[in-house]
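Shown next, in structure tokens, is the structure this report addresses.
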Amino acid sequence: PNRKEAELKEREFRKQFIDENRGLRQQISFGKALDINIESKEETPNHKNLRRNAQVLTSLCIRSTPLHENDTKDINRFAAEQRRAGSSNSTIKHRLQTLRSTINLADDNGYLVPDVKYPKLKVTRGRTRVLSDDEMLAVENELHPDKDFGNYHISNDARRFRQDAYDLWILFCGTGARFTEISKLEWSQVNLTNRTILLYRPKVDNETVLVMTDKVFDVLSRRAQRPQSRRYVFTGRNGQAREYSGAAIRKAIRRAGLGPDVTPHVIRHTVATRLLESGLNIQEVQHIMGHADQNTTARYLHASTQMSARRAADVLNNRTQKPRLE
């Protein structure tokens, strides 16, 4: 009746079986197990992060070392070394999650795996940064392809790159979508007649239909007239889906005078907060943002409650009568 209890019981049965039949399982090296895990996630959005985490994990032990020889003490040592090197608990947790998935996959494939415990790392979330309307406009102005940066020749490739960066920004601000969802957007997902975008969210494996804002509609209409590709809205030099790089947007954010706490992902935070401020309920915002868990959407409530508090004060001010002094 309880899935978590069932999974725990399954783990106990699996461990008991391994302990009783250790001679029946083959060994696999730590490096080979990492490679198999990376290959299994090759078509997923998280593939690049997985590769980076795997590279860092090689400091845990030599690649040729049998996977099952790693123990809890080794993992605790790795976490401590990462912390001393300046990595945050959140980053270390992601890297250990890659190790966990590697061990679990090797276990499922019938290899000899270690029975380890992972350190409990407390991850504290700071205040969610939300951009003001003026800050959003300042970044948009810095990204505008017609902005003058001086008297120098701009190549066609550079001009196209600036236009792409601006168009990406408009779509991010007008949809609140993840960067990979927009940078890999296909024309088959765009319906200019109905002014809708069908977004498949690979991170959470769901679909969302979004209605275009006027700016988003203008951008997509313009790009549809002279498409770079018949398949993708944004393409790279190889004609395939564009590999998103936030360098242009990050530079525009700095030119707009915003601090290091503002990253391209802050756009998504801002859109979610604005939707909650406008009166949409948490279930509606969850659907639009493509959150699998409502608790993720709830993170933005604290910012939107400030606006609610102001509206509440206005209501009370309007209903409060001034005292009659006679």
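The values are calculated or read from the model by the stated rules, or taken from the named source; none is laboratory data. Quick caveat: nothing in here was measured; it's all calculated off a predicted structure. Cβ sites come from the backbone with ideal geometry, for glycine too, and all protein chains shown count toward neighbours. With ligands, DNA and RNA removed, areas are computed over all heavy atoms of the protein, side chains included. Shrake-Rupley method; radii C 1.70, N 1.55, O 1.52, S 1.80 Å.
What do you reckon, is residue 90 open to solvent by less than 70 Å² (accessible area, probe 1.4 Å), of a type in the set (Ser, Thr, Tyr) and farther than 19 Å from residue 116 by Cβ? Give the derivation first.
Values: open to solvent by less than 70 Å² (accessible area, probe 1.4 Å): yes; of a type in the set (Ser, Thr, Tyr): yes; farther than 19 Å from residue 116 by Cβ: yes.
Against the criterion (open to solvent by less than 70 Å² (accessible area, probe 1.4 Å), of a type in the set (Ser, Thr, Tyr) and farther than 19 Å from residue 116 by Cβ), residue 90 qualifies.
Kindly indicate whether any position in region 51-67 is in a helix (DSSP H, G or I), open to solvent by 100 Å² or more (accessible area, probe 1.4 Å), more than 30 Å from residue 178 (Cα to Cα) and modelled with pLDDT of 90 or more.
The first filter runs over region 51-67 and keeps only residues in a helix (DSSP H, G or I), leaving 51-57, 67.
This time we only want the ones that are open to solvent by 100 Å² or more (accessible area, probe 1.4 Å), so: 51-52, 55.
Filter again for more than 30 Å from residue 178 (Cα to Cα), leaving none.
No, every residue in region 51-67 fails to be in a helix (DSSP H, G or I), open to solvent by 100 Å² or more (accessible area, probe 1.4 Å), more than 30 Å from residue 178 (Cα to Cα) and modelled with pLDDT of 90 or more.
Just one of the numbered conditions (1) open to solvent by 20 Å² or more (accessible area, probe 1.4 Å); (2) closer than 23 Å to residue 160 by Cα is not true of residue 220; which one?
(1)
Of the conditions (1) open to solvent by 40 Å² or more (accessible area, probe 1.4 Å); (2) at pLDDT below 90; (3) in a helix (DSSP H, G or I), residue 125 satisfies every one except a single condition; which number is it?
(3)
Tally up the residues in region 271-302 that are touching a residue at least 12 places away in the same chain (Cβ under 8 Å), within 23 Å of residue 134 (Cβ to Cβ) and surrounded by fewer than 15 Cβ atoms within 10 Å (Cβ to Cβ), please.
1
Taking residue 14 and the conditions (1) touching a His at 6+ places or on another chain (Cβ under 7 Å); (2) not in a loop (DSSP other than H, G, I, E, B), which numbered condition does it fall short on, given that it satisfies the others?
Only one criterion in (1) touching a His at 6+ places or on another chain (Cβ under 7 Å); (2) not in a loop (DSSP other than H, G, I, E, B) is unmet by residue 14, namely (1).
In region 187-199, how many are surrounded by fewer than 16 Cβ atoms within 10 Å (Cβ to Cβ) and either modelled with pLDDT under 85 or of a type outside the set (Val, Ile, Thr) (or both)?
We begin by selecting, within region 187-199, every residue surrounded by fewer than 16 Cβ atoms within 10 Å (Cβ to Cβ); these are 188, 191-194, 196, 198.
Those still in the list that are either modelled with pLDDT under 85 or of a type outside the set (Val, Ile, Thr) (or both) too: 188, 191-192, 194, 198.
Residues meeting the conditions: 5.
This table checks each residue for (1) at pLDDT 85 or above; (2) open to solvent by 100 Å² or more (accessible area, probe 1.4 Å).
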site: 18; (1), (2): no, no
site: 23; (1), (2): no, no
site: 26; (1), (2): yes, yes
site: 30; (1), (2): yes, no
site: 38; (1), (2): yes, no
